[in-house]
Structures are given as C-alpha cells and as structure tokens.
Amino acid sequence: MKNLIESQLYNPSVVLPMVALMELMVSLDFNLGQVGAVVATRGARAALHRSRDLLCSLHGAHA
C-alpha cells in the first residue's frame with residue numbers, strides 16, 4: 001500500500017494540480033469561499049472553451 005501511495009504522489013498528473021491548488025489557496029490567503037469561486041469560474045471557462053472547440057470542429061466537418 002505504501003508503494004502505491006508513493007508512486008501516485010510522484011505522478012505529475014496528481015502533483016501538478018495539487019501544487020496549482022496550493023498556490024491558489026496561498027494567493028487568496030486560504031479563503032475557501034474565494035478559492036471555490038475561482039475554481040468554479042476556471043472550470044466553467046474551460047468547459048465553455050471545449051464546447052466552442054467541439055462546435056467549431058463539427059461545423060467545419062460539415063462545411
């Protein structure tokens with residue numbers, strides 16, 4: 001079990017988001033309300049961007 005946890009901790013797909021969240025929390029003085037709002041806004045922005053890309057690629061395929 002210890003080896004599994006250690007291997008996951010050193011995986012960049014786990015570590016990099018954790019570091020980004022920690023940086024965000026430090027920059028907002030650990031205000032969880034603000035952190036939640038920023039994370040939700042970034043998620044919504046990413047979803048909108050992906051939706052636009054998908055719609056553009058579908059529109060381009062039919063043209």
Inset, instruction - Could you check how many residues of segment 19-38 are of a type in the set (Gly, Ala, Ser), surrounded by 11 or more Cβ atoms within 10 Å (Cβ to Cβ) and farther than 25 Å from Leu9 by Cα? - result: 1
Legend entry - Residue in segment 39-51 that is surrounded by 10 or more Cβ atoms within 10 Å (Cβ to Cβ) and among the β-branched types (Val, Ile, Thr) present: yes
Legend entry - Selection within segment 5-18 - surrounded by 10 or more Cβ atoms within 10 Å (Cβ to Cβ) and hydrophobic (A, V, I, L, M, F, W, C): Leu9, Val14, Val15, Leu16, Met18
Inset, instruction - Kindly list, by first and then second residue, each pair from a residue in segment 34-53 that is at pLDDT 95 or above to a residue that is surrounded by 10 or more Cβ atoms within 10 Å (Cβ to Cβ) and hydrophobic (A, V, I, L, M, F, W, C), limited to pairs with Cβ atoms under 8 Å and residues at least 6 apart or on different chains. - result: none
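The values are calculated or read from the model by the stated rules, or taken from the named source; none is laboratory data. Fair warning: this is a prediction, and the values are worked out from it, not measured in the lab. Positions of Cβ are generated from backbone atoms using ideal geometry, with glycine treated the same way; all protein chains shown enter the neighbour counts.
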